[in-house]
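The values are calculated or read from the model by the stated rules, or taken from the named source; none is laboratory data. What you see is a predicted model; the values in this text were computed from it and never measured. Counting neighbours? That spans all protein chains shown, and the Cβs are built from the backbone with ideal geometry, glycine included.
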Amino acid sequence: MIVTIDGPAGAGKSTVAKRLARRLGFGYLDTGAMYRAVALAGERAGVDWSNDADIVRLTETADIRWRGDRIFLDGEDVSGPVRSNEITAAVGRAADHPLVRQHLVALQRIAAEGVSLVTEGRDQGSVVFPDAACKIFLDAAAEERARRRVEDFRARGEKVDFASVLADINRRDREDRSRPVGPLVKPADAVTVNTDGLTIDEVVDQLQRIARSRLASEQS
Ligand code: DC
């Protein structure tokens, strides 16, 4: 069974998807990390993102693999580097490119062959797994997402200001929703879970109930 979790940046998808997968005994796929790995490969190779030949070569040569919840690029564990500010700023170029999307959509479908999976991103329920048995759209107000992000930064001892974090969230929302291919949309058959004011455990409990009831109706 496939459980898709789509939603805007900062809604808590990675944390809850990982915990939900563990509770259900399913695999877990963080598709944002795959776009980040392509962005990292492209930046390292100095590709011209407007040159299709460069992008074809990039997608043919960059070896992106999962080992557990770590992502590897050409044999190197890049789970840390893909989260850098530099890659967060550059990843839109990879995510906007139709050839990159085509390549990663194919890899995501291969990853789902013959296994039960919780997969999270922007287009998992709408494009990659339109027949998924359980589709979640995880949402939260931009202000709530910014507040959580500010708390994360502060917990790591980094100083940030709320207005600039909120502006960044709003910019990423615009980018995600206006992407020419694979934009963030709520699939018609997805259940929306709004996480405003909920703890992580409360969200995971809610998702688990939804997934279990879908699983039960699949098996009946
Ligand atoms: O969820 P994230 O911040 O790690 O995602 C990184 C980028 O990749 C972000 O710009 C959205 C994009 N993305 C996408 O276009 N489609 C996906 N399925 C997952 C992420």
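Identify, from the list D189, D161, D168, the residue that is more than 26 Å from F129 (Cβ to Cβ) and more than 16 Å from the ligand (Cβ to nearest atom).
Every option except D161 fails the conditions.
Listed here are the residues, each with its yes/no results for (1) over 20 Å from E43 (Cβ atoms); (2) more than 8 Å from the ligand (Cβ to nearest atom); (3) touching a strand residue (DSSP E or B) at 6+ places or on another chain (Cβ under 6 Å).
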site: A90; (1), (2), (3): no, yes, no
site: A94; (1), (2), (3): no, no, no
site: R101; (1), (2), (3): no, no, no
site: R109; (1), (2), (3): yes, yes, no
site: G114; (1), (2), (3): yes, yes, no
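Looking at region 70-87 only, could you name the residues that are touching a residue at least 24 places away in the same chain (Cβ under 8 Å), within 14 Å of the ligand (Cβ to nearest atom) and not basic (K, R)?
I71, V78, S79, P81, V82, E86, I87
Quick one: V181 ticks every box in (1) within 15 Å of the ligand (Cβ to nearest atom); (2) hydrophobic (A, V, I, L, M, F, W, C); (3) within 19 Å of G25 (Cβ to Cβ); (4) at pLDDT below 95 except a single one, so which number is it?
It fails just one condition, (3).
Would you say V82 is part of a helix (DSSP H, G or I) and within 20 Å of T119 (Cβ to Cβ)?
yes
Out of all the residues in region 116-162, which are small (G, A, S) and farther than 27 Å from A94 by Cα?
S116, A133, A155, G157
Condition check: surrounded by fewer than 16 Cβ atoms within 10 Å (Cβ to Cβ), more than 26 Å from L20 (Cα to Cα) and either among the acidic types (D, E) or in contact (Cβ under 8 Å) with a residue 12 or more places away in the chain (or both). Does F162 satisfy that?
Yes.
What is the residue count in region 139-176 for residues that are among the basic types (K, R), in a helix (DSSP H, G or I) and more than 21 Å from the chain's Cα centre (by Cα)? Quick ask: steps written out before the conclusion?
Restricting attention to region 139-176, the residues satisfying the condition of being among the basic types (K, R) are 145, 147-149, 154, 156, 159, 171-172, 174.
Filter once more, so that each one left must be in a helix (DSSP H, G or I): 145, 147-149, 154, 171-172, 174.
Among the residues that remain, those that are also more than 21 Å from the chain's Cα centre (by Cα) are: 154.
Of the residues in region 139-176, 1 are among the basic types (K, R), in a helix (DSSP H, G or I) and more than 21 Å from the chain's Cα centre (by Cα).
Conditions (1) surrounded by fewer than 16 Cβ atoms within 10 Å (Cβ to Cβ); (2) in contact with an Asp or Glu (Cβ under 8 Å, 6 or more places away or on another chain), marked per residue:
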site	(1), (2)
A188	yes, no
T195	no, yes
L198	no, no
R209	yes, no
S217	yes, no
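Across region 119-143, which residue is nearest to the ligand (Cβ to nearest atom) among those that are of a type in the set (V, I, T) and under 19 Å from R22 (Cα atoms)?
Here the residue is T119.
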